[in-house]
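Since the structure comes first, as structure tokens, the remarks are kept for the end.
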Amino acid sequence: MAILDEIRRFWDDDAATYDDAPGHRPTSAAVQAAWTAALEALLPAPPARVLDCGAGTGFLSLIAARLGHRVTALDLSPGMLAGLRAAADAEGLDIDVVVAPAHEPPHGFDAVVERHLLWTLPDPAGALRAWRAAAGGGRLVVTESVWGDADPVEAVRNRGRQRLRRLRGGAEDHHGPYPEEVRRSLPLGTGTHPRAVTELVLGAGWRNPRLVRLRDVEWAATVELPFPERLLGVSPRFAVVAD
Ligand SMILES: C[S@@+](CC[C@H](N)C(=O)[O-])C[C@H]1O[C@@H](n2cnc3c(N)ncnc32)[C@H](O)[C@@H]1O
């Protein structure tokens, strides 16, 4: 699929600097701790077999492995997974790594997790259906942010956040812009909203979705920001959990 090749190229090129953005790999112990508390509360009790889809450099995989889960990290990009491998080795964490597209996962899991993947899938509904088969009878934990045009008020705030960050010379999130022709072909390519994510999860056959706002993650990240960025805080983080 040509579009997946383009997406893979983007992330292979992004891998060297991806972790430099605080929103990707927070250096703050408090933000890490808030994410750890969130995952501990949302995942089944350890040791569960956890599949992290679009694992990238391993943000969720590493936390889940530290919590005592048996983690498989799946990603399209070997470059991103090389970062995960190095980080896992540095901590002595045993994480299986699979290079594959999100809609073709291995099976046999108790839970599927993801962070910030759905927006870049050409067929997010198809991937969510495939994850259901990958974790028959298991749990889904989708973690996302409200961004882009999905919510007009947040869109204005986000533009303000970006302007202020650039004014102080803060790092960009990525090495370059996402290819526009790729973005146009992605159902969530212009933004993610809790309503759209919950509807997709239900439509894929997952049951009993619960929407959880990740307020502690937001709070811990917001208090790290310098003035005046702190007034705008970070974009809303949320999880959709389903069976
Ligand atoms: C925004 S990054 C998120 C990485 C990681 N989950 C995190 O929270 O830092 C998106 C990741 O999804 C991967 N990706 C994009 N499209 C994919 C697909 N179709 N199948 C699997 N992985 C994909 C990219 O290679 C990249 O590592």
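The values are calculated or read from the model by the stated rules, or taken from the named source; none is laboratory data. Worth saying up front: this structure is predicted, and the values here are computed from it rather than measured. Every residue, glycine among them, receives a Cβ derived from its backbone with ideal geometry; neighbour counts consider all protein chains shown. Each accessible area value is taken on the protein alone, full model and side chains, heavy atoms only, with ligands, DNA and RNA left out. Shrake-Rupley method; radii C 1.70, N 1.55, O 1.52, S 1.80 Å.
Structure data summary
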| read-out | value |
| --- | --- |
| Per residue, in Å², the accessible surface of the chain once ligands and nucleic acids are set aside, probe 1.4 Å | 46 Å² |
| Bridge type composition, region 57-202 - antiparallel percent by DSSP, nearest 5 | 15 percent |
| Tensor-based shape of region 26-76 (alpha-carbon gyration tensor, a/c under 1.5 rounded, otherwise prolate or oblate) | oblate |
| In range of the label at residue 104: residues from region 130-153 whose backbone nitrogen is under 16 Å from the point 7 Å along Cα→Cβ | 130-131, 134 |
| Extreme residue, positive dipole direction of the chain, given options 171, 99, 28 (C-beta unit charges) | 28 |
| Whether region 8-55 is rounded, prolate or oblate, judged on the alpha carbon gyration tensor where a/c under 1.5 counts as rounded | oblate |
| The chain, relative contact order [Cα under 8 Å, separation at least 6], % | 21 percent |
| Protein accessible area in region 24-183, 1.4 Å probe - carbon and sulfur % | 54 percent |
| Rounded if a/c under 1.5, otherwise prolate or oblate - the chain, Cα gyration tensor axes | rounded |
